[in-house]
Each structure stands twice: as structure tokens, then as C-alpha cells.
Amino acid sequence: MKIHGRHYRTIFPAEDGEGVSIIDQTKLPFDFALERLATLDDAAVAIRDMKVRGAPLIGATAAYGVALAMMRDASDAALAEAVRVLGATRPTAVNLHWALARVERRLAALAPNQRIRAAWTEAEAICDEDVEQNHAIGTHGARLLAEIHARTKKPVNVLTHCNAGWLATVDWGTAMAPIYQAHDAGVPVHVWVDETRPRNQGAALTAYELGAHGVPHTVIVDNAGGHLMQHGRVDICFVGSDRTTAAGDVANKIGTYLKALAAKDNGVPFYVTLPVTTIDWTLGDGVAEIPIEERSAREVTHLTGEDESGAIHTVRVVAPGSEAGNPAFDVTPARLVTGLITERGVCAASREGLAGLYPDYAKTAAE
Ligand code: MRU
């Protein structure tokens, strides 16, 4: 993704090789600011406070967090502590646990004096694989957009929720990757961007990156999608996933489920885009089994924005004294999902569909 004419990944080793650079997403869309993570705690805070967010990017940041921890102390105890601290930052995105388990497995097999280098190499490999997988998701998803355009001869209207773009991954995004590739190939695409209260990832992040790439888009309030679908103004929905069960149930940002219900009622195809790292092969029933993060009530009661002079303010928008609840994710049952778009292709949101694309993973999980 290019910002001010320069290509950036969302996370990369700092030039001196002793830290990691991230984009502080809490400052977007008003300020594009890089921040340096130098310690395990910096990485844990960046994930918990959502300076970095989005399932794949959370996993990549956790992997680098272990590398930063190893630079101070590469003992067995320090490795276990790094995995514990980072693993406790956010509960829903399974990429976090996947990345930590992968790095821990790799390092545990090595002597402490070999761990620093191996940790950096593993974190970089996780990032490179993420970029590759997202690009492949983009290629498979862009085909669906091109088919719609070939049939309607009109711009394709895609509805998306939250931010499942470049900023949620290392590069490309998941749900946005097909859009970028279709747009770059000359397929006219317009995106309805759900603002995504309470953190406004749609309004602040998805709109920002679509704008930077030149993709036509319109930000809508979270409740507008059903109305637009009833009036034939949405051709297809693309969303991301924080955890997908082996049976095809999908946890994603709160509000995704309601969009899937509206899509089903209106015959609008509803696709979930995800890399293999987002699949939790140990789970079946997502509603019962996926842990849902409950975040601070302040994210609901307060909003931050820019005034006309360019100053940033945080204001209260809820009646003083009222309680607020903030479940951050919901689960869309597989029966509401038209298909899963993965780096290996498109499959039904079902045990059979996923096992067909991933016989290697499904078989190991069953054993
Ligand atoms: O709370 P967030 O901002 O980390 O939630 C992110 C999402 O729900 C994304 O849609 C999901 O991680 C898929 S991203 C490729």
C-alpha cells in the first residue's frame, strides 16, 4: 500500500534492526504516524490498545513481540513469559495464538543463543506469508467481482464491515484485496463502508485506505446496509474474519451477523475472506465456543474526531450515568455465509468445504 507515494507494510523491522515499526492506527485517519516498538511490553500495549489491530496483523505483531523479548532475555522462562503476556492481549483473533505457537515451537527447539536470530526470521516469514496469502485471496475474490460486472455491465457495489484491508494485515488486506485487484484491473467497483461503531474502523481506516488507493466508496452508518440491500444497491458483501471454525462459523467485528441476516433475506451473496491462519480447526460451533472480547464501555460512551480547525477532541455522546456494554465481535453461523474466500480458493462455509480445500489441516486436526 502506498502512502504519500511510498510503499509501506503495516509492520516492519526498524532500520537499526533493534526494534519494529508500526503505523499507530489510533491516530488515523488524521495523522499517519509510525511508532517504534522496542520491548515486549511495547508490543503487548500496541495490540491491547489497538495501535495495531485486525487478526493477521495482531498475529504478526505478536511474533515480533517475542523477538523483542528474546533480545533482552532468551531463556526458557522469558520465552514462556513472552508467549503468556502476548497471548493475553486480545481473546478473539485466533491468529494471535497461531503465531505465538509457531514462534514458540521454533524457538523451544533451539539453544537460547540461537533464539534471537530465529525469532526475527520466523516473524519475517509470518509477515511474508501473510502478504502472499492475501494476494491470493485477492485474486480469487476479484474473479467474483469481474463476473458480476460482466453480467450487469455496471459498477459493482460491495458492502464491507469493519476494516479488513491493508491496515488489518501486513499488506493487501483480506476483504479489500479483491477490491484493490479488481479496481487495478479496470473493473469498476464502489464500496459501501460501514462506519463500524464503536471504534469506527470502517469510517477511519477502510475509508482512509480505499481513498489512498483511489477506490470509489461511501461511508454509511451501521444500520443502513439492510435498507441498501432491499433496494438492490448492494451486489455482494465481503467481510474479514477473526476466527473461523472448522464448520465454517465466522467471528468478525460486532455487527457482521446482522449484515449476514440482511444479505440472506435479500438474496445478496455474503462472502467471508480469510487466510488459513484464521481457521481454528479445534472448534465447531462458533456461537458457543468462540471467546468474544468485551472492551471498555468508554469506547461506546465517547467518540474522538477532528474539529474544523484540525484539533482532535474526544467527546461524550451517551447520557451521563447510563451504563454501556461493548461486545467487540459476533459470530455469523455458516448457514448465512455464501462462501469462504481463502488463499487456496473459494469453498462452502462448511466442514466439507474447508476439508476439501485444506485436507492436510483438517486431517491433522481430526487426529
Ligand atoms: O477489533 P479489530 O479492529 O481488531 O477487529 C478487526 C476485524 O474484525 C476484522 O474485520 C478482522 O480482523 C478481519 S481482518 C483481515
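Laid out as a table, the results:
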| read-out | value |
| --- | --- |
| Within the accessible area of the range 226-360 (1.4 Å probe), percent carbon and sulfur | 52 |
| Cβ-defined net charge surrounding GLU104, 12 Å radius [Lys, Arg +1; Asp, Glu -1] | +2 |
| For the range 41-197: accessible area per residue (Å², 1.4 Å) | 35 |
| Carbon/sulfur fraction of accessible area - the range 2-129, other protein chains in place, 1.4 Å, % | 49 |
| Difference of contour (0.36 nm per residue) and Cα-Cα distance, PHE32 to LYS363 | 114.8 nm |
| Translational D in µm²/s for the range 293-350 (Stokes-Einstein at 37 °C, 0.692 mPa s, Kirkwood Rh from C-alpha pairs) | 216 |
| Computed E for SER322/ALA212 - FRET, C-beta separation, R0 45 angstrom, nearest 0.05 | 0.75 |
| Diffusion coefficient, µm² s⁻¹, Stokes-Einstein with Kirkwood Rh over alpha-carbon pairs of the chain at 10 °C and 1.306 mPa s | 76 |
| Test item: Cα-centred dipole of the range 2-129, Lys/Arg +1 and Asp/Glu -1 on Cβ, debye | 320 |
| Three-way shape label, the range 211-281, alpha-carbon gyration tensor, a/c 1.5 | oblate |
| Gaussian network model of the chain, Cα within-10 Å springs - most flexible of THR169, THR152, THR26 | THR152 |
| Three semi-axes of the equivalent ellipsoid, the range 76-165, Cα gyration tensor, whole Å, largest first | 40, 16, 8 |
| MRE, 222 nm, helices only [DSSP H, n ≥ 4, -39500 (n - 2.57), over the chain, to nearest 500] | -12500 deg cm²/dmol |
| Residue-span extension gain [GLU124 to ARG72] - 0.36 nm each, minus C-alpha spacing | 16.8 nm |
| Heavy atoms of TYR8: accessible area, 1.4 Å probe, square angstrom to 10 | 30 |
| Rounded to the nearest 20 debye, dipole of the range 190-343 from Cβ charges on Lys, Arg, Asp, Glu | 220 |
| Considering only the chain, percent of DSSP beta bridges that pair antiparallel, nearest 5 | 55 |
| For the range 140-366, with +1 on Lys and Arg beta carbons and -1 on Asp and Glu, the positive-most of GLN201, THR314, ASN326 along the dipole | GLN201 |
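The values are calculated or read from the model by the stated rules, or taken from the named source; none is laboratory data. These numbers were taken from a predicted model, which means no experiment stands behind them. Virtual Cβ from ideal backbone geometry, glycine too; neighbours counted across all protein chains shown. Accessible surface is based on the protein model in full, side chains and every heavy atom, while ligands, DNA and RNA are left aside. Shrake-Rupley method; radii C 1.70, N 1.55, O 1.52, S 1.80 Å.
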